[in-house]
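The values are calculated or read from the model by the stated rules, or taken from the named source; none is laboratory data. On a predicted model such as this, the values are computed, not experimentally measured, just so you know. Here the Cβ is made from the backbone with ideal geometry for all residues, glycine too, and neighbour counts use every protein chain on show. With ligands, DNA and RNA removed, areas are computed over all heavy atoms of the protein, side chains included. Shrake-Rupley method; radii C 1.70, N 1.55, O 1.52, S 1.80 Å.
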Amino acid sequence: MSDSVSGLYAQGKRSKNANDASEQLSPADYRSKNFLIHTDLPPAEARDLLERLEKMLVIISTYWGSPNRRVIECYVVKDLANWPPGSLHPAGLRSVASGGGVTMSQTTYRGRQIIAAKSIVYATSSRGTPQHEAVHAYCAQNFGRTGPVWYSEGMAEMGNNWKVVPKKGQPLSVSCERYVIDYIKRSEPKSLNEIVNSRETTGDSWQNYCWRWALCHLLATNPNYAARFRPLGLGLLMNKPASFNQTYGSMAREISFEYLFFLKHFDQGYRCDLCQWDWKTKFRKLNSTRTLISKIEANEGWQASRALVEAGTEYQFSTDGEWKTSSDAESVTAKGSDEGLGTLVGVVLIENEDNEYELSEEFELGESGRFQAPASGKLFLRCRDDWHELADNSGKVTVKITE
């Protein structure tokens with residue numbers, strides 16, 4: 001038998017009403033198919049929480065392919081003053097008092113096989129903490145463990161933020177608290193190695209939770225990496241010989257590049273599937289007799305032109321077709337609108353001296369004409385629009401490029 005503590009949830013910010021006087025309610029029990037919650041929330045809020053927990057459980061059990069096996073028990077606290085002395089486990093009390101949560105699990109094994117597992121959640125009622133901790137409880141009760149810290153906490157935040165059942169091929173847009181996005185956008189990115197291979201501990205800081213969530217979101221929703229991510233996660237949960245480095249070692253350069261690109265551009269609604277980089281298309285050098293043709297979709301990020309360009313060399317291009325930058329926008333050519341939306345733009349993907357990928361500055365192309373390559377490398381093109389607003393774009397243009 002083994003005992004474990006997971007998901008010491010690191011609270012990000014206090015809500016605006018954190019200092020308001022709470023309604024004095026004695027803790028009561030509320031039940032649903034998969035949850036038993038003890039809480040001092042008002043009845044309507046308690047029932048709403050049960051609905052959200054059940055919806056989240058459908059999402060995560062569908063993703064991991066394992067139905068919940070046992071009712072998940074939760075102590076959800078709105079105001080500690082409503083709870084009699086001794087009614088909460090000391091570790092749970094400490095975590096809730098600090099504004100977070102903890103999941104305490106006990107697992108019984110026969111050899112390597114799980115005979116029984118029981119988890120109890122202690123969580124403050126605010127900021128998705130019950131959902132986060134419920135993911136830990138589900139994993140512990142169904143797999144016997146929650147995985148290494150980066151995966152355990154990253155996926156707990158994924159579960160908290162998922163809004164729809166992840167059907168096969170269905171993408172997930174970024175959906176998280178605004179403070180998470182603001183923090184990541186203004187911070188120096190934490191490297192993949194720092195996230196995956198460090199000795200960080202659960203409950204260390206809400207900032208570390210942001211980076212873990214961002215990495216898990218990218219790997220789970222970017223088609224370049226998603227097919228390997230789910231088996232990796234199941235291997236980690238079931239204590240099989242699996243690791244991030246073994247799974248993605250051959251793709252390290254590409255993942256590092258796309259991870260940093262994601263952190264730079266993401267916002268609410270950002271879609272990793274639409275912004276994935278094309279690592280498979282073959283590129284060729286241009287000359288006066290060879291014209292390369294590519295079709296550029298309005299609702300995707302940087303797309304392969306198939307053209308290898310050289311710094312300082314001039315190239316000629318033309319386009320055909322129209323596209324829209326929102327469902328209610330007027331169709332425009334690659335010239336774009338008067339505001340610059342819908343303009344065909346380019347960037348060069350470079351392999352630098354350290355054998356790492358980097359990008360040139362973006363440059364404007366438009367409907368037709370000539371351009372001078374700002375660097376030597378692979379030319380990528382896209383329809384100019386905000387990165388997190390690509391999903392409602394439509395249409396495509398055909399681009400022809402020659403030297």
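Placing unit charges on the Cβ atoms only, positive for Lys and Arg and negative for Asp and Glu, gives the range 362-402 a dipole magnitude near 380 debye about its Cα centre.
May I ask you to list the residues of the range 316-334 whose amide nitrogen lies under 18 Å from a point 7 Å from Cα along the Cα→beta-carbon direction of His265? Those under the cut-off are 324-326. With only Cα atoms counted, the chain has Rg and Dmax values of 24.7, 84 Å. Coupling constants for the range 276-287 follow from the phi torsions by the Karplus curve (6.51 cos²θ - 1.76 cosθ + 1.60, θ = phi - 60°), and in residue order they are 5, 8, 8, 9, 9, 4, 7, 9, 9, 6, 9, 8 Hz; glycine and proline get x. Contact order, relative form, for the chain: 14 percent (alpha carbon pairs under 8 Å, 6 or more residues apart, mean separation divided by residue count). Comparing the range 144-303 with the 2.2 N^0.38 Å rule of thumb, its C-alpha radius of gyration ratio is 1.14 (two decimals).
Computing Rg and the Kirkwood Rh from the Cα coordinates of the range 280-348 gives a ratio, Rg/Rh, of 1.00. Shown for the range 29-110: the carbon plus sulfur share of the solvent-accessible area, taken with all protein chains present and a 1.4 angstrom probe, equals 53%. For Ser368, the amide hydrogen comes within under 5 Å of no other amide hydrogen, counting only partners 5 or more places away or on other chains and with H modelled in the peptide plane. Considering only Leu93, Cys139, Thr398, and ranking their Cα positions along the charge dipole of the chain that arises from unit charges at the beta-carbon of Lys, Arg, Asp and Glu, the one farthest toward the positive end is Cys139. Over the C-alpha atoms of the range 234-323, the Rg to Rh ratio, Rh being the Kirkwood estimate, stands at 1.09.
Take the Cα radius of gyration of the range 208-258 and divide it by 2.2 N^0.38 Å, N being the number of residues; the result is 1.11. Put a dot 7 Å past the Cα of Lys282, heading toward its Cβ, do the same for Arg230, and the two dots end up 3.2 nm apart.
Cross-link pairs exceeding 18 Å in C-alpha to C-alpha distance, out of Lys324/Lys396; Lys282/Lys378; Lys264/Lys378; Lys55/Lys240, comprise Lys264/Lys378; Lys55/Lys240. For the range 316-391, dividing the convex hull volume of the Cα atoms by the residue count gives 102 Å³ per residue. Per-residue ellipticity at 222 nm computed for the chain from its helices equals -9000 deg cm²/dmol, with DSSP H segments shorter than 4 residues left out and the rest contributing -39,500 (n - 2.57). In the context of the full set of protein chains, residues of the range 259-341 present 53 Å² of accessible surface per residue (probe radius 1.4 Å, heavy atoms only).
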